[in-house]
1. Can you work out which of the residues in the stretch 76-101 that are within 15 Å of the chain's Cα centre (by Cα) and in a helix (DSSP H, G or I) is surrounded by the fewest Cβ atoms within 10 Å (Cβ to Cβ)?
2. Restricted to the stretch 112-150, and to residues that are among the hydroxyl-bearing types (S, T, Y) and in contact with a Phe, Trp or Tyr (Cβ under 6 Å, 6 or more places away or on another chain), which residue is surrounded by the most Cβ atoms within 10 Å (Cβ to Cβ)?
3. Looking at (1) open to solvent by 30 Å² or more (accessible area, probe 1.4 Å); (2) assigned to a strand (DSSP E or B), which is the one condition that is false for C54?
4. Taking the stretch 37-49 only, how many residues are in a strand (DSSP E or B) and open to solvent by 30 Å² or more (accessible area, probe 1.4 Å)?
5. Being open to solvent by less than 10 Å² (accessible area, probe 1.4 Å) and closer than 30 Å to R104 by Cα is the requirement here; does A11 meet it?
6. Conditions first: (1) at pLDDT below 95; (2) assigned to a helix (DSSP H, G or I). L129 passes all but one, so which condition is the exception?
7. Name the pairs: first residue in the stretch 171-200 and open to solvent by 90 Å² or more (accessible area, probe 1.4 Å), second residue in a loop (DSSP other than H, G, I, E, B), Cβ to Cβ under 8 Å, at least 6 apart or on different chains?
8. Does R37 fit the bill of being under 19 Å from the mean Cα position of the chain (by Cα) and touching a residue at least 60 places away in the same chain (Cβ under 8 Å)?
Amino acid sequence: MSRVSRVDHIAYAVAEGMIEKWAWYHIEVEGGKLTKRVDDVRPDDPDSSMKLWCIDFESFGVVLVEGIDRKKKSQVTAFAECHGDHSVQHIAFDTENLEQFVSRAIAKGVNLRGQQLVSNDGFGDLKQLFGKGYAKQNAAEMSFPEYVERPKQGVQMSTSVPQNTGKNFYQRIEHARNTGDTSTLIDFALMPSDWTPGAPQAPSAPISTRSKEHEATVQA
């Protein structure tokens, strides 16, 4: 069964003028490394854009986004105003096989925002697919999940699934915001009424051991 295996990266929406300050915090205090800096991801968009900085911690990443307002308020600005400076916009989860995971998720009633993309996000090549928001609200103000797959050691990542590269993620959120699409990630009415998690189980390994095992796998 394909599942999520770890947190790949965490994306924070920051307030105006704060991306440099939070980058300093994540780099100088926490010890991260800046791997990508884009100070305007949509320079030709007359409406809005955002800054995007990626900070690598080897076993996971941090993404900082800051809105750029022009004719309209950026979706990132709207998110930070709603939830506060340095609020979690989304968490990306690594999957063992993205296509298998997505097929299973859709069968469970999960709603995804478009088809997968193949790109390089500042931490390396990946396949990625975004879920709709957790809460029923303006699409620009929703927090949401991202699911990714990165190349495994010695294994070429398949990119044979048709890609929807016509709209990047920023455009998809804008479209949802402009059309009033407030549909959510999951309809819990589809959850079986008799579902139970069963008895708690012991973790397969302590968190510290799991982290070491992951590092050993990456370095192998």
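The values are calculated or read from the model by the stated rules, or taken from the named source; none is laboratory data. Just so it is clear, the structure is predicted and the values come from calculations on it, not from any experiment. Virtual Cβ from ideal backbone geometry, glycine too; neighbours counted across all protein chains shown. Quick note on the areas: whole protein, heavy atoms, side chains included, nothing else; ligands and nucleic acids left out. Shrake-Rupley method; radii C 1.70, N 1.55, O 1.52, S 1.80 Å.
1. L98
2. The qualifying residue surrounded by the most Cβ atoms within 10 Å (Cβ to Cβ) is Y147.
3. It fails just one condition, (1).
4. 2
5. The answer is yes for A11.
6. (2)
7. Sorted first by the residue in the stretch 171-200, then by its partner, the pairs are H175/K167; H175/D181; L190/K108; L190/G109.
8. No: the conditions fail for R37.
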